[in-house]
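Contents: one structure, followed by commentary.
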Amino acid sequence: MANSEKIIVHLPSSIIEEADHLAKMENLDRSEFLTKIIRSYLQEKCFGENLLRLKEGYEEMASINTALAELGMSIDLPSLEDYEGKISESD
């Protein structure tokens, strides 16, 4: 493994046994298996945080878009009413 560091982690025996069993099923050694699990967790954590930021951004844009739409309607409404009045007079 390029650019790797050795760490010491204390885990309950039951977790080590379960991890070793799953690693064996995936034909990985303990180090490869734990690296895979940690990488997966980190990606999931980043994805969740990004998803939350996207949701917040969409909610903020929804309120901005609503305000802009209401502003546009308030500007256009008098022109529309004037136009409709002229059309009804020509009938």
Share of alpha-carbon pairs per 10 Å distance bin for the chain, given as whole %: 12, 21, 16, 12, 11, 9, 8, 8, 4
Hits among lysines - C-alpha to C-alpha of residue 6 under 24 Å, sequence gap 8 or more where chains match: 24, 36, 45
Nitroxide proxy distance, nm - points 7 Å out along Cα→Cβ at residue 55 and residue 84: 4.0
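Please work out how much length the chain gains when fully extended from residue 41 to residue 68, using 0.36 nm per residue of separation minus the C-alpha to C-alpha distance, in nm with one decimal. If you can, show how the numbers build up before the last one.
Numbers: separation 27, 0.36 × 27 = 9.72 nm, distance 4.05 nm.
Extending this stretch completely gives an extra 5.7 nm.
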Full-extension gain in nm, residue 6 to residue 21, via 0.36 nm per residue minus C-alpha separation: 3.2 nm
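Values in this text are rule-based calculations from the coordinates and carry no lab data. Computed from a predicted structure; not experimentally measured. Cβ sites come from the backbone with ideal geometry, for glycine too, and all protein chains shown count toward neighbours.
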